[in-house]
Amino acid sequence: MSRTQELADLISAQVIGLEAARLLAEGAAPVGQYAVLPVWWWGFALVGRRADSSGGRRTMPHRLNGPALVGVDDLPVTKSTDAFGQHREFTFEAGGVHPLSATEALRFGDDVRSAAVHTAHQHLPGLVEAGRVANWEMLLLAEKITRAAIVTRLKSLVGALVSIGQGSQFADGAGFDDETITQIAATMTFGDPGGSFGQVGRFVAKAVDADFVAVEPARWLSMEITSLVSRELARRFGDPRSGQMIRSAIAAGADTSAWSAGTVQRATNLNLSPVMKNRALIEGAGR
């Protein structure tokens, strides 16, 4: 399963769980006859990322507007999407010539105007719990992506410093401190103990309401995490907003007089030691 499929499924479970919780809050019986409707239509993109790495067409999850969990008496329901340059409408009904099973509803890809959805007795509290589990799994995945983004950004910073004759102490054998990096990723995702979610966790919470009209879930999440990581590391290291531009200018031999001496100093003397292993301790342990 691709990461986009994984995230789309996790978002589906969360949306369904939230709608089940709403029904319970409105007085619905814990068990009843319901239809689970697709949250996505999987089809080709006309705009945005239209091809895969081999140049072939690829299907993308198009977010469908409308409910994802309805009582049988509320069928038929029409859902639509305007994602990736396509406008599609699908009517889901209790009976018809295009039967759609519960499993198929998760990744609905039929190019039909109407489909018959599976109706069955659903345990609403179970759907609520499944949504909570999916939210937790998405947070864990986001934490993993955050950690990878931190390592990538640190490698980029070390390389940039070395290219301008700085930071050689970080490139001659001292590796990254995995424990510190893991702690940063966890804090960015889950926040401090007893506090609210970190910036990554708060962004993940937006997934259930995002329309995804021009970006698939995996890219939506990774792009934002990359941006959040860059800002967080800049804050921790005291890197000015123009730090990357300054380092690039120095590496290219360009004029840096447009920036103040203090700003250039901060951009070229980043203290990365908090996220690097202490080489002296490593060498001492090996004796």
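The values are calculated or read from the model by the stated rules, or taken from the named source; none is laboratory data. Quick caveat, the model's predicted, so the values are computed rather than measured. Using ideal geometry, Cβ is built from the backbone for each residue, glycine included, and neighbour counts are taken over all protein chains shown. Areas reflect the complete protein model, heavy atoms only, side chains present, ligands, DNA and RNA absent. Shrake-Rupley method; radii C 1.70, N 1.55, O 1.52, S 1.80 Å.
Quick check: Cα centre of the stretch 241-279 to Cα centre of the stretch 100-162, how many Å?
Here the answer is 38 Å between Cα centres.
Round to the nearest 0.05 the FRET efficiency obtained for ALA252 and VAL151 when R0 = 25 Å and r is the Cβ-Cβ distance. Show your work: numbers first, answer last.
Details: r = 26 Å, r/R0 = 1.03.
Calculated transfer efficiency: 0.45.
For the chain, modelled as a GNM with alpha-carbon contacts under 10 angstrom, which of ALA28, ALA13, ALA116 fluctuates the most?
ALA28
What do you reckon, how do LYS277, LYS79 stack up by accessible area (1.4 Å probe), largest on top? Mind dumping the intermediate values first?
Numbers: LYS277 90, LYS79 0 Å².
From most exposed to least exposed: LYS277, LYS79.
Placing unit charges on C-beta atoms (Lys and Arg positive, Asp and Glu negative, everything else neutral), compute the dipole magnitude of the stretch 3-132 about its Cα centre in debye, rounded to 20.
Details: 12 positive and 14 negative charges, 115 e Å.
Computed charge dipole of the stretch 3-132: roughly 560 debye.
Net charge near GLU26, counting Lys/Arg +1 and Asp/Glu -1 over other residues with Cβ under 14 Å of its Cβ? Before the final figure, lay out the partial values.
Details: positive: ARG22; negative: GLU19, ASP74.
So the surrounding residues net to -1.
With the chain treated as a Gaussian network of Cα nodes joined by springs under 10 Å, which of GLY175, GLY262, GLY238 yields the largest mean-square fluctuation?
Its mean-square fluctuation being the largest, the pick is GLY262.
How large is the Rg to Rh ratio of the stretch 133-284 when both quantities use alpha carbon positions and Rh follows Kirkwood?
Values: Rg = 17.5 Å, Rh = 17.0 Å.
A ratio of 1.03.
Sorted by accessible area (1.4 Å probe), largest first, how do ILE250, ILE225 line up?
Highest to lowest solvent-accessible surface, that is ILE250, ILE225.
Using each residue's phi in the stretch 73-84, evaluate 6.51 cos²θ - 1.76 cosθ + 1.60 at θ = phi - 60° and report the 3J(HN,Hα) Karplus result to the nearest Hz, with x for Gly and Pro.
Values, residue by residue: 5, 8, 7, x, 10, 9, 10, 9, 9, 10, 7, 6 Hz.
After finding the eigenvalues of the alpha carbon gyration tensor for the chain, what semi-axes result from the square roots of 5 times each, listed largest first in whole Å?
Numbers: eigenvalues 448, 101, 48 Å².
After diagonalising the Cα gyration tensor, the semi-axes are 47, 22, 15 Å.
Restricting to DSSP H runs of at least four residues, report the calculated mean residue ellipticity at 222 nm for the chain, -39500 (n - 2.57) per run over all residues, nearest 500 deg cm²/dmol. All intermediate terms of the calculation are to be shown ahead of the outcome.
Details: 9 runs with 132 residues, N = 287.
Result for the chain, helices only: -15000 deg cm²/dmol.
For GLY43, what residues show an amide H to amide H distance below 5 Å, using hydrogens built from the backbone and excluding near sequence neighbours?
MET60, HIS62
State the percentage of accessible surface on the chain attributable to carbon and sulfur atoms; use a 1.4 Å probe and exclude ligands, DNA and RNA.
Numbers: 7680 of 14790 Å².
For the chain, the apolar C and S fraction of the accessible surface comes to 52 percent.
Please report, in cubic angstrom per residue, the volume enclosed by the convex hull of the alpha-carbon atoms of the stretch 3-132. Intermediate results must be reported in sequence, preceding the final value.
Details: hull volume 13.2 nm³, N = 130.
So the per-residue Cα hull volume is 102 Å³.
Could you report the accessible area of THR103 in Å², rounded to 10, computed with a 1.4 Å probe on the protein chains as they sit in the structure?
110
Could you compute the net charge surrounding GLY66? Neighbours are other residues with a C-beta less than 13 Å from the C-beta of GLY66; K and R count +1, D and E count -1. All intermediate terms of the calculation are to be shown ahead of the outcome.
Details: positive: ARG63, LYS79, ARG88; negative: GLU19, ASP74, ASP82, GLU89, ASP211.
For residues surrounding GLY66, the net value is -2.
Given the protein chains as shown and a 1.4 Å probe, how many square angstrom of HIS123 are accessible, to the nearest 10?
Accessible surface of HIS123 is approximately 100 Å².
State in Å² the accessible area per residue of the chain; use a 1.4 Å probe, count heavy atoms of protein chains only, and round to the nearest integer.
Values: 14790 Å² over 287 residues.
Here the per-residue accessible area is 52 Å².
Under the definition of Cα pairs under 8 Å and six or more residues apart, what whole-number percent is the relative contact order of the chain? It would help to have the intermediate numbers written out before the result.
Details: 423 pairs, mean separation 56.6, N = 287.
Contact order relative to length: 20 percent.
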